[in-house]
């Protein structure tokens, strides 16, 4: 039963991380981020007690609420285009496929080396890779924060398999909330000051 849940959580993490990469509307992006935190909850609860794993879920949904409120209060809510050439969805989908294949190959070795199950190792590396891809191809503050949160999510799942301390869970939650608050600061900053 746990294996089926882990594979389902991996599929949710896969679709939401690719959706975060492809989606341009901020409402859908926040909904996909909330779904991503639900899959993180399922992956973390295999190694942590449910009460500690629920901290990840609640913190993630608080991050989504903070980013959503920041976008509602944003006066410059006009969609900006990326100044660089990799703008198309086809390019983003192709690079996501490369990341997917690379992380699967790495997860086969990492699962044996770290003693993890394959879905957990693959989801950790997949989230880290997709977050780094998001960071590498976007310069918009909202997209950068989404990339940082995705990388952090992959690290949290990986670290949850190693350490089950309450203090570590609290510190990782503080980092997530700090990233969300930093994102709201940069979202509400006038566009002239960003450059």
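The values are calculated or read from the model by the stated rules, or taken from the named source; none is laboratory data. None of the values given here were measured: they were computed from a predicted structure. Cβ placement follows ideal geometry from the backbone for every residue including glycine, while neighbour counts extend to all protein chains displayed.
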For this session: Identify, from the list 69, 40, the residue that is assigned to a helix (DSSP H, G or I), within 21 Å of residue 172 (Cβ to Cβ) and modelled with pLDDT of 90 or more.
Result: 40
Problem set entry | Given (1) part of a helix (DSSP H, G or I); (2) at pLDDT below 90; (3) touching a helix residue (DSSP H, G or I) at 6+ places or on another chain (Cβ under 6 Å), index of the condition residue 112 fails | (3)
Exercise. Which condition breaks for residue 186 when tested against (1) more than 19 Å from residue 15 (Cβ to Cβ); (2) at pLDDT 90 or above; (3) surrounded by 14 or more Cβ atoms within 10 Å (Cβ to Cβ)?
Worked result: (2)
Exercise. Which residue pairs have Cβ atoms closer than 8 Å, lie 6 or more positions apart in sequence or on different chains, and pair a first residue in the stretch 136-155 that is in a loop (DSSP other than H, G, I, E, B) with a second residue that is surrounded by fewer than 21 Cβ atoms within 10 Å (Cβ to Cβ)?
Worked result: 138/82; 138/144; 139/82; 139/83; 139/84; 140/80; 140/82
